[in-house]
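The values are calculated or read from the model by the stated rules, or taken from the named source; none is laboratory data. Bear in mind that the values here come from a model prediction, so they are computed numbers and not experimental data. Note: ideal-geometry Cβ built from the backbone for every residue, glycine included; neighbour counts use all protein chains shown.
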C-alpha cells in the first residue's frame, strides 16, 4: 500500500520487559507529491519465540496536517489539533 514508506530508527532500539517489547521509529514517505514524517511506536507481545500481537500507534492528526492540500482542510485539521492540545503547552 505504501511502496515508498521509509522506517528510520530513533536510536532507542527495542526495549523489552517480560513478554513485551517496544520499538520507537519514524515513518516517512511521499503522499500525492508531498513529503510526510511521523513518530511511531510499536508494541510487540511475544508468546515463546513468536510474535503474538503487534500494535502500532502514531499521531494521526500530525500526519493529517502534513497530508492535506486544501486551505479549508488545513484550517479544520489545525483547529482540531489546537483544541486537543489546549492545556498541554
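On the stretch given as the stretch 3-36, residues that are out of contact with any strand residue (DSSP E or B) (no Cβ under 9 Å at 6 or more places or on another chain) and within 18 Å of residue 68 (Cβ to Cβ) total 4. Answer with yes or no whether residue 38 is at pLDDT 90 or above and over 25 Å from residue 84 (Cα atoms). No, not satisfied.
Hey, any hits in the stretch 55-62 for a residue that's under 13 Å from the mean Cα position of the chain (by Cα) and touching a residue at least 24 places away in the same chain (Cβ under 8 Å)? Checked against the condition, which is being under 13 Å from the mean Cα position of the chain (by Cα) and touching a residue at least 24 places away in the same chain (Cβ under 8 Å), the stretch 55-62 yields at least one hit.
Counted as qualifying within the chain are the strands (runs of 3 or more DSSP E) with 2 or more residues that are surrounded by 13 or more Cβ atoms within 10 Å (Cβ to Cβ), namely 20-31, 34-47.
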